[in-house]
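Visitor: Submitted below is the structure of interest, expressed as structure tokens.
The values are calculated or read from the model by the stated rules, or taken from the named source; none is laboratory data. Quantities reported herein were computed from a predicted structural model and do not represent experimental measurements. Glycine also receives a Cβ, built like all others from the backbone with ideal geometry; neighbour counts cover every protein chain displayed.
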Number of protein chains: 2
Amino acid sequence: MFENIRNRFEETGPLTDSEFDYIFRHFTTRKYKKHQFILQEGADVDNEYFLVKGLVRSYCILPNGKERILQFAWENCWITQYSAYFFNAQAGLFIDCIEDVELLCLSRESRERIIDEFPVIERYFRKRSRIGIAWCENRILSLLNYDTKKGYDEFMNEYRVIINRIPKHFIASYLGVSREALSRIKMA
Amino acid sequence: MFENIRNRFEETGPLTDSEFDYIFRHFTTRKYKKHQFILQEGADVDNEYFLVKGLVRSYCILPNGKERILQFAWENCWITQYSAYFFNAQAGLFIDCIEDVELLCLSRESRERIIDEFPVIERYFRKRSRIGIAWCENRILSLLNYDTKKGYDEFMNEYRVIINRIPKHFIASYLGVSREALSRIKMA
């Protein structure tokens, strides 16, 4: 549990054991069972989550009652609703568990404190934000420029390491197609 | 031209005149006429752009030949295709000028250098990335959860300071609706 997050932070520079211990005390650990909610629409978004174990999804519910999946996160991924986390707003989406989950929570205040105190942590979060922005930009482009076969191929590539852990109807909900349409794409 | 970017950087801490002069030497200035391209699909994305004057849009061309607008940027905004800029890839979209434009270009290498040398610049870019991620996340949610009237209201709110400078057919292209549908929404 400690090692994964330490390895991540040390991507941008070394930390001594005592520095890391101090940083790690800013996290809290939580466990969830499959199907439990980590975040629900309307709740305050006070935490960012680092996945130690398990698989989760974020999604919104459309006016017609259907779900659309925004993204999946698994071991060593971070997830929250950043627009609400950074700017102290309420959630506009849900995050729930596809498997049993263990995670580390980092509150806004704790995040600011460790960033202020450790330049290596500020660098880590700046660099990680590049991945987040690039991911979001690609997701926007694929939603604008909608080609289901291309979307499916991109999905299979992006999520290849966990593809067998994602139920088929969740893949359809990510792509915005029916299960039948998904089957046709796979056979094409 | 100098003042706008200096004010931005000093949001995260003061810079002396000589520090700012040194930082500013990492930028190059460019001018474009209305309709000129700043970036074209397939080109290397070596720069991030800070708008000093004028209005631009980024957009992609769909397989059916239609344009879909990703975003608009105007005075004091930054724009590029970040997924390509950060990771040294080729552009998957276009950026062109809706008005005559003056801008500052910051190359990847120059950006890394001033971030390495000035913690206040690293902080500035980390904090700005929060705005970028939040914007992207909201754009994804509005594309997933598509309600044209809500999308129009959000658009009018987000772009209210420049709404009179954006041609109506570009608003339709941002929202993904026809001009006729846009007129109906406005009258609703």
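Visitor: Can you find even one residue in the range A:49-57 that is more than 23 Å from A:GLU109 (Cβ to Cβ), within 14 Å of chain B (Cβ to nearest Cβ) and not hydroxyl-bearing (Ser, Thr, Tyr)?
Guide: Yes.
Visitor: Might you let me know whether the range A:109-119 holds any residue that is at pLDDT 95 or above and under 15 Å from the mean Cα position of the chain (by Cα)?
Guide: Scanning the range A:109-119, I find no residue that is at pLDDT 95 or above and under 15 Å from the mean Cα position of the chain (by Cα), so the answer is no.
Every residue, every condition in (1) surrounded by 13 or more Cβ atoms within 10 Å (Cβ to Cβ); (2) of a type in the set (Asp, Glu); (3) within 14 Å of chain A (Cβ to nearest Cβ); (4) in a loop (DSSP other than H, G, I, E, B), yes or no:
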site: B:LEU15; (1), (2), (3), (4): yes, no, no, yes
site: B:SER18; (1), (2), (3), (4): no, no, no, no
site: B:ASP21; (1), (2), (3), (4): no, yes, no, no
site: B:GLY42; (1), (2), (3), (4): no, no, no, yes
site: B:PRO63; (1), (2), (3), (4): no, no, yes, yes
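Visitor: Further question on the same structure: Quickly run through the range B:47-56 and pick out the residues that are of a type outside the set (S, T, N, Q) and within 18 Å of B:SER129 (Cα to Cα). Give the steps one after another, and end with the answer.
Guide: Of the range B:47-56, the ones of a type outside the set (S, T, N, Q) are B:48-56.
Answer for the range B:47-56, where residues must be of a type outside the set (S, T, N, Q) and within 18 Å of B:SER129 (Cα to Cα): B:GLU48, B:TYR49, B:PHE50, B:LEU51.
Visitor: Further question on the same structure: Look through B:ARG123, B:ARG68, B:ARG128 and report the one residue that is in a helix (DSSP H, G or I), under 16 Å from the mean Cα position of the chain (by Cα), within 11 Å of another protein chain (Cβ to nearest Cβ) and not hydroxyl-bearing (Ser, Thr, Tyr). So that I can check it myself, show each step before the final result.
Guide: Numbers: B:ARG123 fails: under 16 Å from the mean Cα position of the chain (by Cα); B:ARG68 fails: in a helix (DSSP H, G or I).
Exactly one of B:ARG123, B:ARG68, B:ARG128 is in a helix (DSSP H, G or I), under 16 Å from the mean Cα position of the chain (by Cα), within 11 Å of another protein chain (Cβ to nearest Cβ) and not hydroxyl-bearing (Ser, Thr, Tyr), namely B:ARG128.
Visitor: Only one of B:ARG165, B:ARG179, B:ARG184, B:ARG160 is farther than 19 Å from A:TYR146 by Cα and touching an Asp or Glu at 6+ places or on another chain (Cβ under 8 Å); which? Step through it out loud before you land on a result.
Guide: Details: B:ARG179 fails: touching an Asp or Glu at 6+ places or on another chain (Cβ under 8 Å); B:ARG184 fails: touching an Asp or Glu at 6+ places or on another chain (Cβ under 8 Å); B:ARG160 fails: touching an Asp or Glu at 6+ places or on another chain (Cβ under 8 Å).
After applying the criteria, what remains is B:ARG165.
Visitor: Residues in the range A:93-115 that are closer than 15 Å to B:ARG130 by Cβ and within 14 Å of another protein chain (Cβ to nearest Cβ): how many?
Guide: 4
Visitor: With respect to B:ASN88, determine if the residue is in contact with a helix residue (DSSP H, G or I) (Cβ under 8 Å, 6 or more places away or on another chain) and either within 25 Å of B:TYR159 (Cα to Cα) or not assigned by TED's automatic domain parsing to the domain that holds B:GLY151 (or both).
Guide: Working: in contact with a helix residue (DSSP H, G or I) (Cβ under 8 Å, 6 or more places away or on another chain): yes; either within 25 Å of B:TYR159 (Cα to Cα) or not assigned by TED's automatic domain parsing to the domain that holds B:GLY151 (or both): yes.
Yes; evaluated as a whole, the condition is true for this residue.
Visitor: Which one is farthest from B:SER173 (Cα to Cα), of the residues in the range A:143-188 that are surrounded by fewer than 17 Cβ atoms within 10 Å (Cβ to Cβ) and among the polar types (S, T, N, Q)?
Guide: A:ASN164
Visitor: Filter the range A:90-127 for residues that are closer than 29 Å to B:ILE95 by Cα and surrounded by fewer than 17 Cβ atoms within 10 Å (Cβ to Cβ) and give the result.
Guide: A:LYS127
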